Amino acid sequence: GTTPVTVTVTGASGQIAYGLLFRIAGGAMLGRDAPIRLRLLEIPAAVASLEGVAMELEDGAYPLLSSIDITDDPKVAFEGANIALLVGARPRTKGMERSDLLAANGAIFTDHGSAINAVSDDDVKVLVVGNPANTNALIAMNNAPDVPRSRFTALTRLDHNRAIAQLAKKTGAAAADIERVAIWGNHSNTQYPDLFHATVAGRPALEVVDDPDWLEHDFIPTVQERGTAIIKARGASSAASAANGAINHVRDWVRGTDGSNWVSMAVCSDGSYSVPEGLISSFPVTCTDGEYTIVPGLDIAEFSQQRISASVAELEHERAAVEELGFV
Ligand code: NAX
């Protein structure tokens, strides 16, 4: 179509956004036939820096980029949004307790959820990247009562891609030959990266690998702790890879997943796999016509069930904490 798609990005002068915006403008997220209107949100102190990012976006002379608006007002930023990428969040700083972090982010995502409810387009799709991503999405969702709950998602696609990369490395296969990896639970180090249904060039991954010790003591902790390993090596948290995961997530949600494959998205649970209804938890999903479906009917081994339950228990604790603070 020729009507521009309105894409809102929060935290737009941050490092993930810097890996995201130029690729969105180039068509990597919505395709080379979709003109884009960017609406970029920052806190007042970062607006000057955001003006510089907007200048660089202009300097790309992107054929698809029809306009760029920058603002520090959520009601302006989310106006008419079709796609909303909630990247901005309050990081944990020295001396901050966990409850301080939840409180600071609770205020942000309450505010952004109600702005989405008030001014976004009826078809808005929301992806929360800012941490704690699942619980921030839960807060935004609960503060947007007029938006269907299915429109609120959180990013676990980076974790999913990390799992594919580790399996590819172990087996010598190409990433493209790997299908049906899944991430369950929270985007945190309790997440469960699941290879029980994965295939490598059509063969069961765990048969190809044939190394239970690797699965339990190498693969799972490597994927769970990958974010920390990046911080150690780079002196900064994952940025370009997170941006890539976000682009993959929205692209597949809007344009559909491929054939027999699935992807991982944190979405509002309908009670599938005993994940309490209403939690934003990661599942394997397929996407068609702009809607995702949790992959039904998978056999979950006891090994997997224990790990899924542990991560879901963490999500329930987070929900209880933000309920107590009055955010949901
Ligand atoms: P940066 O600190 O570089 O950028 C965040 C930006 O958000 C800052 O420019 C800040 O001014 C802005 N911001 C803060 N509050 C805001 C508000 N109320 N409205 C609008 N903007 C606001 O962090 P970056 O590295 O870009 O990471 C962004 C978030 O992604 C963090 O919460 C980070 O923890 C999270 N991540 C999530 C990942 C995932 O897979 N779900 C992986 C990467 C990353 O750790």
Can you give the accessible area of Lys75, probe radius 1.4 Å, in Å² rounded to 10?
110 Å²
At 0.36 nm per residue, minus the direct Cα-Cα distance, what do Thr293 and Gln305 gain on full extension? Give it in nm, one decimal, please.
2.3 nm
Glu58 - accessible surface, heavy atoms, 1.4 Å probe, Å² rounded to 10
120 Å²
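Quick one: compute the contact order of the chain, relative version, from alpha carbon pairs under 8 angstrom and 6+ residues apart, as a percent. Intermediate values should be presented prior to the final figure.
Details: 635 pairs, mean separation 55.4, N = 328.
Relative CO of the chain lands at 17 percent.
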Global geometry of segment 5-154, whether rounded, prolate or oblate, following the gyration tensor of its Cα atoms and the 1.5 cut on a/c:
oblate
What length, rounded to one decimal in nm, is gained on full extension from Arg255 through to Ile43, with 0.36 nm per residue of separation minus their alpha-carbon distance?
73.1 nm
Would you please state the base-10 log of I(q)/I(0) at q = 0.06, 0.10, 0.15 1/Å for the chain, with intensities from the Debye formula using one equal scatterer on every alpha carbon?
-0.19, -0.55, -1.27
Residue order for Arg151, Arg180 - accessible surface, 1.4 angstrom probe, largest first
Arg180, Arg151
For the residue pair Asp33 and Ile231, what label-to-label distance in nm results when each label sits 7 Å from Cα along the Cα-to-beta-carbon direction?
4.3 nm
When the Karplus curve 6.51 cos²θ - 1.76 cosθ + 1.60 is applied with θ = phi - 60°, which whole-Hz ³J(HN,Hα) does each residue of segment 116-129 get, with x for Gly and Pro?
4, 4, 7, 10, 6, 5, 4, 9, 3, 10, 10, 10, 9, 10
Gyration tensor verdict on segment 79-176 (Cα atoms; rounded if a/c is under 1.5, prolate if a/b is larger than b/c, oblate otherwise):
oblate
Order these peptides, 127-133, 160-166, by their mean beta-carbon neighbour count within 10 angstrom, highest first.
127-133, 160-166
Can you give me the accessible area per residue for the chain, using a 1.4 Å probe, in Å²?
43 Å²
Tensor-based shape of segment 252-326 (alpha-carbon gyration tensor, a/c under 1.5 rounded, otherwise prolate or oblate):
oblate
Heads up, I need the accessible area for Ser309: 1.4 angstrom probe, whole protein in place, Å², nearest 10.
60 Å²
Heavy-atom accessible area ranking, 1.4 Å probe, most first, across Asp213, Asp289
Asp289, Asp213
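The values are calculated or read from the model by the stated rules, or taken from the named source; none is laboratory data. Model, not experiment: these values are computed from the prediction. Cβ coordinates were reconstructed from backbone atoms using ideal geometry, including for glycine residues, and neighbour counts include every protein chain displayed. Protein only, heavy atoms only, side chains kept; ligands, DNA and RNA dropped before computing areas. Shrake-Rupley method; radii C 1.70, N 1.55, O 1.52, S 1.80 Å.
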